[in-house]
Amino acid sequence: MRNKIGTRGLSDASVKAACHGRDMPDASDDDQLWTTNETASYLRRPAGTLRQWRHRGFGPKGFRCGGVVLYRKSEVLRWVAEQEQLEAARTDGDDAA
């Protein structure tokens with residue numbers, strides 16, 4: 001029976017290890033792979049929100065590996081910075097009016 005993340009009982013750690021490759025050295029800090037739950041926790045949003053965003057083509061880019069969606073930490077941080085810039089541009093435009 002498949003569990004909620006579709007990995008047939010594999011832990012998040014074992015899925016991430018399989019996606020990184022068993023013989024690879026530890027990933028750099030920015031190259032870490034985060035599960036949907038880890039990413040949602042960082043963004044302080046429910047995991048379901050990330051799933052909806054992904055379905056709609058919004059949010060940080062993730063990818064499927066071993067039946068689970070993973071996000072690179074560097075991509076999540078890049079997306080957050082982009083959102084900050086977009087918000088700053090929007091509010092700067094509001095101030096000029």
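Bear in mind these aren't lab numbers, they're just calculated from the coordinates by the rules spelled out. All values derive from a computational prediction rather than experimental measurement. Reconstructed Cβ throughout: ideal geometry from the backbone, glycine too, with neighbour counts over all protein chains shown.
One table, with the values for the structure above:
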read-out: Where labels lie 7 Å past Cα in the beta-carbon direction, separation of A81 and D31 in nm; value: 1.8
read-out: Ranked V80, V69, criterion: other C-beta atoms within 10 Å, fewest first; value: V80, V69
read-out: Label-point separation in nm, Q52 to C19, each point 7 Å along Cα→Cβ; value: 2.3
read-out: Potential lengthening between K61 and D92 on full extension [0.36 nm per residue; Cα-Cα distance subtracted]; value: 8.5 nm
